[in-house]
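Enquirer: Mind having a look at this structure? Questions to follow.
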Amino acid sequence: MKPKSAIITKYNLNKNFIYDALKTSNVEHIANHYGCTKSNIYVFCKKHDIKIPEIDLVGKEFNMLKVLEKIGSRGKSGRQSIFWKCLCSCGKTVELSTASIKREKQISCGCWIKSKDYREKSWCWSGCGDIHGKWWSNVKKGAKQRGHDFKISIEYAWKLFLKQNRRCALTGIEIAFGRSMKEIEKGATTASLDRIDNELGYVKKNIHWVHKDINLMK
């Protein structure tokens, strides 16, 4: 009987489980399930001829970037990465790897770093997309002080905002976020997080983005 590899023994990896999981999940989620690294899963799949489905990011938005098309693979054999052509909200295009895009560390083509807003936020930026980290922290704190559950992430809220096409869920009016705390304090943020069912807290499928004036009238 052929001995199991060190990776299989250490993490108790199961070929059939991973094969089925890849149909509905991604490598990162599977790695988290086993408590191992993504590299462990990639090595395991290669050894057992398990094909990992290709990721399609075309049309998706990440911070100030929108993915236009897939360029192809780059890098040395065995350590290649998929690169994508992205359009920045400033109008410029930039080519980025899947990892750079999905980690959402790259906010823009580079224009954001040169901006006044970046200098104001600099090291304390901890938001997602246009949602300022400090503003989000205040929303979360306020909800908890009012006794509401708050079980949504800033990433979930940002994706929902994009899904609504940056518009109020009830009126269709365009809504936006202030780009800095100075702007936010002056009332530049018109987007407001609203609960659909007021008997429930801020949980998935019970929130949407509305205009702040609409939320005040409810």
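Rule-based calculations on the coordinates, nothing more; no lab input. Worth saying up front: this structure is predicted, and the values here are computed from it rather than measured. Virtual Cβ from ideal backbone geometry, glycine too; neighbours counted across all protein chains shown.
Enquirer: Show me the ranking of peptides 16-26, 160-170 by mean Cβ neighbours inside 10 Å, starting with the highest.
Expert: Descending mean neighbour count gives 160-170, 16-26.
Enquirer: So which of K38/K66; K182/K205; K10/K60 end up more than 29 Å apart, counting from Cα to Cα?
Expert: Details: K38/K66 25 Å; K182/K205 31 Å; K10/K60 37 Å.
In this structure, K182/K205; K10/K60 lie more than 29 Å apart at Cα.
Enquirer: I've got another one for you. I want to check the label-to-label distance for E28 and Y42. Put each point 7 Å from Cα in the C-beta direction and report it in nm to one decimal.
Expert: 1.4 nm
Enquirer: Another question about this same structure. Hey, can you grab everything whose amide H is under 5 Å from the amide H of N63? Only 5+ residues off in sequence or another chain; H modelled, so Pro and N-termini drop out.
Expert: Here G129 satisfy the definition.
Enquirer: A further question on this structure: State the Kirkwood hydrodynamic radius of the range 27-95 in Å, one decimal place, computed from all pairs of distinct Cα atoms. All intermediate terms of the calculation are to be shown ahead of the outcome.
Expert: On the way: mean 1/r = 0.0712 Å⁻¹.
Computed over the range 27-95, the radius equals 14.0 Å.
Enquirer: Against the empirical 2.2 N^0.38 Å scaling, what ratio does the C-alpha Rg of the range 6-47 come to?
Expert: 0.99
Enquirer: On to the next question. First check a/c for the range 124-217, with a ≥ b ≥ c the square roots of the eigenvalues of its C-alpha gyration tensor; if it is under 1.5, answer rounded, and if not, answer prolate when a/b is larger than b/c or oblate otherwise. Mind showing how you got there, number by number?
Expert: Working: a/c = 1.41, a/b = 1.12, b/c = 1.25.
The shape class here is rounded.
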